């Protein structure tokens, strides 16, 4: 599914993605500044999270509680290698029946489950993005 959107459309786009999801682990691929964290905030809000979801860059993972259970937001940008991901026990999060949103998944591919959605965000201009949801 391809969607062109602006910041004003985020809540609607987030709900469309949730409604069309098959898997609870989503991998976000986009350049820095494309809006990965902003979209994840909208997803968390639509899943019933009351506190804002901020990028977990310094903690690697943030945990939230929504109406449908736990939500994990991973930002793997600071990982040096996949061994570091295993040492931190990040692979264990994916054994739970929880929503998992992963930024920079290419830095730890072996810890990720097989059944995932791939989200690619392209910057169209300062205000517009195009999202591909697979």
| message | Name the residue that is farthest from residue 25 (Cα to Cα), counting only residues in segment 80-111 that are buried (at least 19 other Cβ atoms within 10 Å of the Cβ) and in contact with a helix residue (DSSP H, G or I) (Cβ under 6 Å, 6 or more places away or on another chain). | response | 85
| Single residue of segment 1-16 satisfying the filter (out of contact with any strand residue (DSSP E or B) (no Cβ under 6 Å at 6 or more places or on another chain) and either free of Cβ contacts under 8 Å to residues at least 24 places away in the same chain or under 11 Å from residue 117 (Cβ atoms) (or both)) that is surrounded by the most Cβ atoms within 10 Å (Cβ to Cβ) | 16
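So that you can scan it fast, the table gives a plain yes or no per residue for (1) touching a residue at least 24 places away in the same chain (Cβ under 8 Å); (2) in contact with a strand residue (DSSP E or B) (Cβ under 7 Å, 6 or more places away or on another chain); (3) under 29 Å from residue 8 (Cβ atoms):
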site	(1), (2), (3)
49	no, yes, yes
64	no, yes, yes
79	yes, no, no
85	yes, no, no
91	no, no, no
114	no, no, no
126	no, no, yes
| Every residue from segment 43-77 that is at pLDDT below 90 and surrounded by fewer than 16 Cβ atoms within 10 Å (Cβ to Cβ) | 50, 51, 52, 54, 57, 58, 59, 68
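The values are calculated or read from the model by the stated rules, or taken from the named source; none is laboratory data. Computed from a predicted model, the values in this text were never measured in an experiment. Backbone-built Cβ (ideal geometry, glycine too); neighbour counts: all protein chains shown.
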